[in-house]
1. Given (1) over 25 Å from residue 50 (Cβ atoms); (2) touching a residue at least 12 places away in the same chain (Cβ under 8 Å); (3) surrounded by fewer than 21 Cβ atoms within 10 Å (Cβ to Cβ), where does residue 119 come up short, assuming only one miss?
2. Do you know which of the residues in region 39-54 that are touching a helix residue (DSSP H, G or I) at 6+ places or on another chain (Cβ under 6 Å) and not in a helix (DSSP H, G or I) is surrounded by the fewest Cβ atoms within 10 Å (Cβ to Cβ)?
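None of the figures in this text is laboratory data; all of them are computed from the coordinates on show. Source: prediction; values computed, not measured. Here the Cβ positions follow ideal geometry from the backbone for every residue, glycine too, while neighbour counts run over all protein chains shown.
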């Protein structure tokens, strides 16, 4: 990692309860070769003041952008890309990261993840440590997406819409690069993914993402059932269903959606052939140090 340098960009909208703690988290990292850009995307609370109150990290640069469409329209992704664009020439960086404000990183996070990058890896990241927020370990969670600069530039034509952090991996793999999930790099979230504007809003947006990214119908049905057991429980799953039904085709290319659907069908086939092994490898259930009841 001698010549490694990371550009971290955090899109921020009404994150007064989180942004200061993220600043502390970054100040405690043992990896120091990074620059941090925070894009305030039209906050109406004290997010900016909370960020400025934290003296632990002096490398943050604040950019201000008018919020466009809120999260339901993918504003977080366009704000993130806006932050990258403000840097201009990326020649001084080897990696670009989208880091959400509600993330808490361990001090050795970057050493663990960057060590997995090679010429064939385009995206890498860790796994969520909160048991109640457990996600599949087959993709990198959206709040901590770390890209090689080459991989990021390959995504130039991908729409800045909800679902970006699903379709980015599909697009990268179609270009011959791989996605690396680093199970040892465990980070925490201050709230569930998609819940920044409330649980029901997040589930509705989740349903829209499923439709826009071309979910296989059987896969979506299982997704719906799985979320019946997560807050806001039954009503949340039906909010997801409403988002799916009302979403329309979305902005992503049919080719990418078909590729995503094929990937999901391959997952289903593996699950049918060996369900116990699939659950263990996908969710970490039964692995050493993992809680067996957190699926």
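1. With (1) over 25 Å from residue 50 (Cβ atoms); (2) touching a residue at least 12 places away in the same chain (Cβ under 8 Å); (3) surrounded by fewer than 21 Cβ atoms within 10 Å (Cβ to Cβ) applied to residue 119, the lone miss is (2).
2. Result: 54.
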